[in-house]
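Student: Okay, handing you the structure first.
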Amino acid sequence: MKQQYSVGIDMGTTSTKAVLFRQNGEVVDAAYVAYPLLKETPSMAEQNLEDLFEAVVVSIRMLMDKTAVEPKEILCVSFASAMHSLIAMDYADQPLTRSITWADNRSAKWANQLKAANGMEIYHRTGTPIHPMSPLAKIIWLREEQPTTFSQTKKFIGIKEYIFYQLFGHYIVDYSIASSTGLFNIHHFKWDEAALAAAGIIEDQLSVLASPTDKLVGLPQKYADQMGLLPETPFVLGGNDGCLSNLGVGAVEPGVAAITIGTSGAVRMVTDQPYTDPKGRTFCYVLDEQHWVIGGAVNNGGVVLNWASHNYFPMEQQLISQTGGNAYDYIMEQIAAVPAGANGLFFHPYLNGERAPLWDAEARGSFFGINMLHQPQHFLRAVLEGICFNLYDVFCTLTELAGEPKKIIATGGFSQSLVWRQMLTDIFGRPFTLPESFESSCLGAAVMGLKSMGILQEVSEVANLIGTEHQYIPQAAEARMYAKLFPIYRQLSQTFSGVYHQVAELQENLDELKG
């Protein structure tokens with residue numbers, strides 16, 4: 001019998017990737033298609049729906065062409081996707097909006113009002129913190145500020161639901177994605193009555209709920225031809241990218257934490273029952289019917305380092321790029337040349353507002369402790385340390401709820417840098433394990449596909465598919481330094497939080513002030 005392969009798809013904020021896996025979890029090859037995040041105002045962050053659909057079709061086709069695998073050898077295609085997107089579909093099943101992403105903050109006013117009313121009650125029922133990222137807050141914003149669009153909406157859906165509707169003509173959503181909408185009861189696995197009432201919608205305006213292992217078959221011939229697949233290839237619903245990232249690194253047992261840093265970042269742990277935080281600082285999403293993922297996601301990961309490096313070393317980066325060098329390596333060399341603590345310079349990385357640990361869309365970034373001895377490389381080091389401190393802050397909150405983990409697994413784009421890997425290990429003061437493969441969300445999707453097809457019986461069998469792991473140990477001196485600095489970092493964050501809203505309002509109204 002010929003080898004059978006599975007395809008894992010990860011639909012992200014700025015790109016979609018398709019990865020071909022052997023049944024033992026080994027990566028054969030991958031294909032990526034990028035698209036822009038549309039920001040016409042500071043608070044807006046949308047995606048073009050045609051871009052999203054084309055990216056899925058093209059990435060699968062590219063993968064099939066690159067690998068020369070025969071269509072009949074594809075066991076299934078399974079999906080991960082970014083959470084919290086919202087698309088309004090009209091009664092002719094045409095989109096009234098683009099995809100409004102997790103990074104869109106236009107519903108901040110309505111999220112704050114809901115939080116002050118019965119927000120905590122809804123949070124404990126749904127596991128989704130009350131924040132502008134959530135479709136719940138976005139629907140309220142549409143109802144209040146775009147009533148025509150709201151009244152014309154037949155269905156409120158997310159990006160994965162949009163893809164499955166285009167391919168199969170069904171509005172269907174897995175429990176995992178549903179659990180990140182703020183509209184789904186994570187205790188009873190149904191749409192939540194209190195959340196629906198807050199949004200002003202009815203259950204019929206949302207998709208049909210299904211298990212992450214449910215699959216659809218009957219791909220239209222034209223799309224099968226475009227993708228290079230057979231029409232009978234099963235498409236498995238899968239889950240959200242965060243939960244599947246945990247699955248893809250093998251962090252599915254109690255007591256195992258996963259840290260992910262890419263453009264943004266997150267700290268997560270899997271539990272065998274739903275947990276919510278009395279202070280509303282963490283999320284609780286569904287992996288499958290037996291597992292929940294608790295944790296906190298941050299807005300400000302690699303995107304902030306990219307901002308800093310382009311602002312503090314613009315000429316050097318341009319010159320290195322022109323000569324064919326690696327600008328990223330140069331930036332890391334500059335950071336490595338500065339001792340831990342950046343000579344007492346602190347940075348709070350809230351350039352894009354913040355989810356965990358603040359859950360404040362109006363949070364703003366800051367440097368503190370600047371003196372005449374600080375050079376551009378100090379600022380870069382402080383930025384990287386600030387990103388890591390912020391994640392450690394989330395981790396501390398998580399351990400309050402779920403206890404100290406026995407193992408920490410890290411993954412994401414940051415793992416390409418030895419400097420960043422070691423810094424994170426030192427700041428956490430705990431050993432880290434890094435899997436060799438960094439396609440965690442796609443592997444998690446593939447595992448759901450294999451379970452759907454009966455190849456795997458339990459998601460815990462992912463442990464047999466992970467491959468080689470590498471361990472990093474904290475450096476004693478650096479870990480001691482960071483242990484002294486972190487309480488100051490946290491105290492400063494709490495002090496600044498009292499003026500974030502004033503600063504955000506000032507920035508929003510600068511043109512009026514100039515007049």
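All of the numbers you see were taken from the coordinates with simple rules; none came from a lab. Only a predicted model underlies this, so the values are computations on that prediction, with no experimental measurement involved. So basically every Cβ, Gly included, is an ideal-geometry build from the backbone, and we count neighbours across all protein chains shown.
Student: Given points 7 Å out from each Cα along the Cα-Cβ axis, report the GLN375 to ARG22 separation in nanometres with one decimal.
Tutor: Rounded to a tenth, the inter-label distance reads 4.9 nm.
Student: Between GLU508 and GLU54, what is the spin-label point distance in nm, taking each point 7 Å from the Cα along the Cα→C-beta axis?
Tutor: Roughly 3.5 nm, to one decimal.
Student: Find how much the distance from GLU316 to TYR275 grows on full extension, using 0.36 nm per residue of separation minus their present alpha carbon separation; answer in nm with one decimal. The partial results should precede the final answer.
Tutor: Numbers: separation 41, 0.36 × 41 = 14.76 nm, distance 4.76 nm.
This chain segment gains 10.0 nm when fully extended.
Student: Which of SER99, ALA198, ALA80 sits farthest toward the positive end of the charge dipole of the stretch 5-249, with +1 on the Cβ of Lys and Arg and -1 on the Cβ of Asp and Glu?
Tutor: The Cα lying farthest towards the positive end belongs to ALA198.
Student: Would you mind working out the magnitude of the charge dipole of the chain relative to its Cα centre, with +1 at each Lys and Arg C-beta and -1 at each Asp and Glu C-beta, to the nearest 20 Debye? Spell out each step's value before the answer.
Tutor: Working: 35 positive and 53 negative charges, 126 e Å.
The calculated dipole for the chain is roughly 600 debye.
Student: So, one more: Quick one: 3J(HN,Hα) in Hz for the stretch 472-480, Karplus 6.51/-1.76/1.60 with θ = phi - 60°, rounded, Gly and Pro as x.
Tutor: 3J(HN,Hα) across the stretch 472-480, in whole Hz: 10, 10, x, 7, 4, 5, 5, 4, 5.
Student: Taking R0 as 25 Å, what's the FRET efficiency between LYS190 and PHE168 from their Cβ-Cβ distance, rounded to 0.05?
Tutor: On the way: r = 23 Å, r/R0 = 0.91.
It comes to 0.65.
Student: Here's something else I'd like to know. Based on alpha-carbon centroids, what's the gap between the stretch 271-292 and the stretch 31-109 in Å, whole number please?
Tutor: Computed from Cα coordinates, the inter-centre distance equals 26 Å.
Student: To continue, here is another question. Mind listing P(r) for the stretch 9-69? All alpha-carbon pairs, 10 Å bins, whole percents.
Tutor: Taking every Cα pair in the stretch 9-69, the percentages come to 23, 43, 23, 10, 2.
Student: Let me ask you something else. Report ³J(HN,Hα) in whole Hz for each residue of the stretch 26-40, in order, from the Karplus equation J = 6.51 cos²θ - 1.76 cosθ + 1.60 where θ = phi - 60°; Gly and Pro get x.
Tutor: Couplings: 6, 7, 8, 6, 9, 9, 10, 10, 9, 8, x, 8, 8, 10, 8 Hz.
Student: For the stretch 5-249, take N as its residue count and report Rg(C-alpha) divided by 2.2 N^0.38 Å.
Tutor: Values: Rg = 17.9 Å, N = 245, 2.2 N^0.38 = 17.8 Å.
With N residues counted in the stretch 5-249, Rg over 2.2 N^0.38 Å equals 1.01.
Student: Which value in Å does the Kirkwood hydrodynamic radius of the stretch 115-167 take, with 1/r averaged over all unlike C-alpha pairs and then inverted? Can you show the working numbers first?
Tutor: Details: mean 1/r = 0.0788 Å⁻¹.
Evaluated over the stretch 115-167, this radius sits at 12.7 Å.
Student: Using +1 at the Cβ of each Lys and Arg and -1 at the Cβ of each Asp and Glu in the stretch 263-364, identify which of GLY265, LEU358, ILE294 lies farthest towards the dipole's positive end.
Tutor: LEU358
Student: What distance in nm separates the simple spin-label points at HIS124 and TYR330, each placed 7 Å from Cα in the Cβ direction?
Tutor: In this crude spin-label approximation the distance works out to 5.5 nm.
Student: To one decimal place, what orientation-averaged projected area in nm² is obtained for the convex hull of the Cα set of the chain? Write down the numbers at each step before the final one.
Tutor: Values: hull surface 98.2 nm².
Projected area, direction-averaged: 24.6 nm².
Student: Follow-up question, since we're still on this one. To two decimal places, what compactness ratio does the stretch 238-396 give when its Cα radius of gyration is scaled by 2.2 N^0.38 Å?
Tutor: Working: Rg = 17.9 Å, N = 159, 2.2 N^0.38 = 15.1 Å.
Ratio of Cα Rg to 2.2 N^0.38 Å: 1.19.
Student: Considering amide H positions built from the backbone, and no H for Pro or chain starts, which residues 5 or more places from SER6, or on another chain, come under 5 Å of its amide H?
Tutor: The answer is PHE21, LEU75.
Student: Among the chymotrypsin sites (Phe, Trp or Tyr not before Pro) in the stretch 407-446, which ones are in a DSSP loop with at most 13 other Cβ atoms within 10 Å of the Cβ? Mind listing them?
Tutor: Working: sites: PHE414, TRP420, PHE428, PHE432, PHE438; in loops: PHE438.
In loop regions of the stretch 407-446 (DSSP not H, G, I, E or B), there are no sparsely surrounded chymotrypsin sites (Phe, Trp or Tyr not before Pro).
Student: Using every Cα-Cα pair within the stretch 434-515, state what percent have a distance larger than 21 Å. Please report the intermediate quantities before stating the final value.
Tutor: Working: 2177 of 3321 pairs.
Here the tail beyond 21 Å accounts for 66 percent of pairs.
Student: What's the FRET efficiency of LYS154 with GLU458 using the Cβ-Cβ distance as r and R₀ = 60 Å, to the nearest 0.05? Could the numbers behind the result be given before it?
Tutor: Details: r = 38 Å, r/R0 = 0.64.
In this case the efficiency is close to 0.95.
Student: Order of 21-34, 497-510 by packing, highest average Cβ count within 10 Å first?
Tutor: Working: 21-34: 16.7, 497-510: 12.9.
Per-residue Cβ counts within 10 Å, averaged per peptide and sorted highest first, yield 21-34, 497-510.
Student: Which part of the stretch 316-351 falls in the paramagnetic zone of THR495, meaning amide N under 14 Å from the point 7 Å along Cα-to-beta-carbon?
Tutor: Residues 345-348 fall inside that zone.
Student: I need the trypsin sites (Lys or Arg not before Pro) found in the stretch 373-412, filtered to DSSP loop residues with at most 11 other beta carbons within 10 Å of theirs. Provide the component values of the computation, followed by the final result.
Tutor: Values: sites: ARG381, LYS406, LYS407; in loops: LYS406.
Filter output for the stretch 373-412: LYS406.
Student: Between ALA476 and GLU70, what FRET efficiency follows from the Cβ-Cβ distance if R0 is 41 Å, with the result rounded to 0.05?
Tutor: Working: r = 54 Å, r/R0 = 1.32.
Efficiency for this residue pair is about 0.15.
Student: Across all directions of projection, what mean area in square nanometres is found for the Cα convex hull of the stretch 115-206? If you can, show how the numbers build up before the last one.
Tutor: Working: hull surface 23.3 nm².
Approximately 5.8 nm², given one-decimal rounding.
Student: For the stretch 118-133, just list the computed ³J(HN,Hα) in residue order, Karplus coefficients 6.51, -1.76 and 1.60, θ = phi - 60°, integers in Hz, with x standing in for Gly and Pro.
Tutor: 10, x, 5, 4, 5, 4, 5, 7, 9, x, 9, x, 6, 7, x, 5
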